[in-house]
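Working notes, beginning with the structure itself.
The values are calculated or read from the model by the stated rules, or taken from the named source; none is laboratory data. Just so you know, these numbers come straight off a predicted model, no measurement behind them. Glycine gets a Cβ as well: all are built from the backbone with ideal geometry, and neighbour counts include every protein chain shown. With ligands, DNA and RNA removed, areas are computed over all heavy atoms of the protein, side chains included. Shrake-Rupley method; radii C 1.70, N 1.55, O 1.52, S 1.80 Å.
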Amino acid sequence: MTTTTPVMAPVPAEDRATGRAGRRAASAKKKLSSPAASIIAIVIAVLWTLPTLGLLMTSFRPELDIRRSGWWTFFTDPQVTVFNYNEVLYGGQTNFASLFINSLVITLPAVVIPISLALLAAYAFAWIKFPGRDFLFVAVFSLQVVPIQVTLIPLLTLYVDAGLAGSFWTIWLSHSIFALPLAIFLLHNFMKDIPASLVEAARMDGAGHVKIFFSVLLPLLTPAIAAFGVFQFLWVWNDLLVALTFAGGAPDVVPLTVRVAELAGTRGSDWYLLAPGAFISMILPLIVFLALQRYFVRGLLAGSVKG
């Protein structure tokens, strides 16, 4: 009677790679969750938050206290007032309430326009074969190395010739142009991670490019869209150079950042308004980032790790 030794089926290379990736992930998680890593993270968080806390306390201190002592003296002699916020929001010299609306009107279209265009371009680069596709993708991505500063004067000349100077359109178009290379690259990498079998199955069911894009791919792109949306929102909201160049000093177009920069250069005459003005300008980006931070991290890591 002969016995046969069972032959073990070879483990596929993909499964071995997945196992190695899982072990590396478990090892990294163990290191990052160690007590030493937690203490370092807490120290960094405290040091990062301390200036914001000081800014918040300074914004509620009376003008005289701001001029004669630092914010840390608030704990020994707490004096609180809301006059600074009232003056910043509704004062004749600052009027941050209308400037806040200007920043919102500038930021929202400057986020939606590049995302809409980049989604279409990324889909074409990822799933539509056409001559010169790879070369064109590299050319678009390489535009990121062009400094923004060298484009300002040519763009301003074009806007003046077209009669758009001093309007929201100049800022919307400029931010969209500057954001498109990164947006296309980020969304393209995310689309390439989607299994090709999913797209092929939709094609077998008779779906065309429009149906595949809106019904199959778009619902899966939420992390990447949110990641770039947060990045672009923060960039546009905090921008000073583009707004200062293309707004032309028009009060109906100038955003918050321009007025905050003016307060910083008043040689001390309006410094007591700088803290509340800066805090008002940062509160909305802070809310947006905290609300979408998990999508931000997932979207930035899209395409960076393969099984």
Top-ranked residue of region 46-58 - restricted to ones that are among the polar types (S, T, N, Q) and under 14 Å from residue 286 (Cβ atoms), ranked as surrounded by the most Cβ atoms within 10 Å (Cβ to Cβ) = 52
What are the residues in region 108-144 that are assigned to a helix (DSSP H, G or I) and among the basic types (Lys, Arg), if any?
-> 133
Selection status of residue 286, surrounded by fewer than 18 Cβ atoms within 10 Å (Cβ to Cβ), assigned to a helix (DSSP H, G or I) and in contact (Cβ under 8 Å) with a residue 60 or more places away in the chain | no
Checking 122, 97, 110 in turn, the sole residue that is surrounded by fewer than 17 Cβ atoms within 10 Å (Cβ to Cβ) and touching a Phe, Trp or Tyr at 6+ places or on another chain (Cβ under 9 Å) turns out to be 97
Within region 121-146, how many residues are touching a residue at least 40 places away in the same chain (Cβ under 8 Å) and of a type in the set (A, V, I, L, M, F, W, C)?
-> 9
Counting only residues that are among the β-branched types (Val, Ile, Thr) and modelled with pLDDT of 90 or more, which one in region 107-134 is nearest to the chain's Cα centre (by Cα)?
-> 111
Restrict the check to region 70-89 and report whether at least one residue is modelled with pLDDT under 85, of a type in the set (Gly, Ala, Ser), outside any helix (DSSP H, G or I) and over 21 Å from the mean Cα position of the chain (by Cα).
-> yes
Residue hits (region 145-162; surrounded by fewer than 18 Cβ atoms within 10 Å (Cβ to Cβ) and either among the hydroxyl-bearing types (Ser, Thr, Tyr) or in a loop (DSSP other than H, G, I, E, B) (or both)) are 146, 147, 148, 151, 157
Out of (1) touching a residue at least 60 places away in the same chain (Cβ under 8 Å); (2) surrounded by 13 or more Cβ atoms within 10 Å (Cβ to Cβ), the odd one out for residue 216 is which?
-> (1)
Single condition residue 276 does not satisfy, out of (1) surrounded by 20 or more Cβ atoms within 10 Å (Cβ to Cβ); (2) modelled with pLDDT under 70 | (2)
Given (1) touching a Ser or Thr at 6+ places or on another chain (Cβ under 9 Å); (2) of a type in the set (A, V, I, L, M); (3) crowded, with 18+ Cβ neighbours inside 10 Å; (4) at pLDDT 85 or above, number of the condition residue 258 does not satisfy | (1)
Take region 163-178 and flag every residue that is open to solvent by less than 70 Å² (accessible area, probe 1.4 Å) and modelled with pLDDT of 90 or more.
-> 168, 170, 171, 172, 173, 174, 175, 176, 178
Restricting region 32-45 to residues that are aliphatic (A, V, I, L, M) and open to solvent by 80 Å² or more (accessible area, probe 1.4 Å), the one farthest from residue 80 (Cα to Cα) turns out to be 32
Can you name the helices (runs of 4 or more DSSP H) wholly within region 180-263 that have at least 3 residues being farther than 30 Å from residue 163 by Cβ and in contact with a Gly (Cβ under 6 Å, 6 or more places away or on another chain)?
-> 222-237
